[in-house]
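Participant: Please find one structure pasted underneath; my questions will follow.
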Amino acid sequence: MHQLVQLEEWREPFEAAGVKVAAMTYDAVDILAGFHAERNLGYPLLHDEGAKHVIGFNVLNEQYAPGHGAYGIPHPGVFYLSPEGAVVAKFAMPSYRERPPMQELLDAVQAAAPVQAEAGAAG
């Protein structure tokens, strides 16, 4: 869960760019609640029940079948969603050992921000 700690370290710059940070994992709710409290995370940490969102965003790691203890593990990645829930940007990695650099994510969010503001003003 190193990436969740790293996300907390970068939360303020993302919030300054207008992003509401949240994270979602397949881990059990009690594990997430304990981790959230222990690390004093300043953003919501959500549980993906039955891998519904992982499947919906098409990032399910197919290596594990339903019923396997690791079922629901996604390919690692980050989504930037509009307030309406549309995927504005998707950063997916093939291996859990690799993560997109936070500065790269922040740069992409900042580049998309004017587009989002215009879309909101037009809507």
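The values are calculated or read from the model by the stated rules, or taken from the named source; none is laboratory data. Since the structure is predicted, the reported quantities are computational estimates derived from the model, not experimental observations. A quick note on method: Cβ atoms are made from the backbone with ideal geometry, for glycine too, and the neighbour counts reach across all protein chains shown.
Participant: Among the listed residues Ala33, Ala108, which satisfies the condition of being under 14 Å from Met1 (Cβ atoms), free of Cβ contacts under 8 Å to residues at least 60 places away in the same chain and in a helix (DSSP H, G or I)?
Facilitator: Testing whether each residue is under 14 Å from Met1 (Cβ atoms), free of Cβ contacts under 8 Å to residues at least 60 places away in the same chain and in a helix (DSSP H, G or I) leaves just Ala33.
Participant: Which condition breaks for Gly50 when tested against (1) in a loop (DSSP other than H, G, I, E, B); (2) over 15 Å from the mean Cα position of the chain (by Cα); (3) of a type outside the set (Lys, Arg); (4) at positive phi?
Facilitator: Checking Gly50 against (1) in a loop (DSSP other than H, G, I, E, B); (2) over 15 Å from the mean Cα position of the chain (by Cα); (3) of a type outside the set (Lys, Arg); (4) at positive phi, the one that fails is (1).
Participant: Can you tell me which residue within the range 65-89, out of those that are within 14 Å of the chain's Cα centre (by Cα) and not in a strand (DSSP E or B), is surrounded by the most Cβ atoms within 10 Å (Cβ to Cβ)?
Facilitator: Ile73
Participant: Here is a follow-up. Restricting the range 18-48 to residues that are of a type in the set (Val, Ile, Thr) and surrounded by 12 or more Cβ atoms within 10 Å (Cβ to Cβ), which is farthest from Ala89 (Cα to Cα)?
Facilitator: Ile31
Participant: State whether the residues of the range 21-41 include one that is at pLDDT below 90, among the small types (Gly, Ala, Ser) and either farther than 19 Å from Leu105 by Cα or more than 11 Å from the chain's Cα centre (by Cα) (or both).
Facilitator: no
Participant: Further question on the same structure: Inspect all residues belonging to the range 73-85 and state whether any of them is of a type in the set (Asp, Glu) and closer than 27 Å to Ala108 by Cα.
Facilitator: Scanning the range 73-85 turns up at least one residue that is of a type in the set (Asp, Glu) and closer than 27 Å to Ala108 by Cα.
Participant: So how many residues does the range 49-64 have that are within 20 Å of Ala89 (Cα to Cα) and loosely packed, with under 10 Cβ neighbours inside 10 Å?
Facilitator: 0
Participant: State all residues of the range 91-120 that are loosely packed, with under 14 Cβ neighbours inside 10 Å and modelled with pLDDT of 85 or more; if no residue qualifies, say none.
Facilitator: Hits for the range 91-120 are Pro101, Gln103, Glu104, Asp107, Ala111.
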